[in-house]
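Any read-out appearing in this document is the output of simple, stated calculations on the displayed coordinates, not a laboratory observation. A quick note: this is a predicted structure, and the numbers were derived from the prediction, not measured. Cβ placement follows ideal geometry from the backbone for every residue including glycine, while neighbour counts extend to all protein chains displayed.
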Amino acid sequence: MIASWNGQILAQSDDVIIVENNAYFPKNSLEMAFFETSNTTSVCPWKGDANYFSVTVNGEKNEDCAWYYVSPKEAAMEIKNHVAFWKGVSVE
C-alpha cells in the first residue's frame with residue numbers, strides 16, 4: 001500500500017495492518033523528511049492515547065494528518081510502531 005499527499009509518497013509497505021478501516025503503516029516505512037511531530041493528542045477508549053504528525057510537501061503543510069500510538073492498550077498492541085493517515089492523504 002502507498003500513502004501519498006500533494007504528489008509525494010509518504011509511506012509505502014506490504015506490511016500494513018487494517019484497523020477500523022484505517023491502514024496502519026510500519027513507522028519505518030515513512031519518508032520521515034516530510035514529517036514533524038505535532039503537540040496534538042487524542043484518546044481512543046480501546047487503543048489508548050494517540051499522538052500526531054504533520055506533513056509538509058512542496059511548501060504546503062497538512063496539520064495532524066497522521067496518528068500513532070506510542071503505548072497502545074493491550075487490545076491494540078498490533079499497531080504499536082505503526083502510523084495511520086487522514087485529512088486528504090490518499091491510501092491505496
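Table for the structure above
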| quantity | calculated |
| --- | --- |
| The stretch 1-30 - residue that is assigned to a loop (DSSP other than H, G, I, E, B) and touching a strand residue (DSSP E or B) at 6+ places or on another chain (Cβ under 6 Å) and, of those, surrounded by the most Cβ atoms within 10 Å (Cβ to Cβ) | VAL16 |
| In the stretch 38-49, residue nearest to GLN12 (Cα to Cα) [restricted to those that are assigned to a strand (DSSP E or B) and touching a Phe, Trp or Tyr at 6+ places or on another chain (Cβ under 6 Å)] | SER38 |
| Hits in the stretch 61-90 (condition: over 11 Å from the mean Cα position of the chain (by Cα), within 16 Å of TRP5 (Cβ to Cβ) and of a type in the set (Gly, Ala, Ser)) | GLY88, SER90 |
| Tally of residues being without any contact (Cβ under 8 Å) to a residue 40 or more places away in the chain and in a loop (DSSP other than H, G, I, E, B) across the stretch 50-83 | 7 |
| Residue match in the stretch 31-54 (condition: hydroxyl-bearing (Ser, Thr, Tyr), surrounded by 13 or more Cβ atoms within 10 Å (Cβ to Cβ) and touching a His at 6+ places or on another chain (Cβ under 7 Å)) | no |
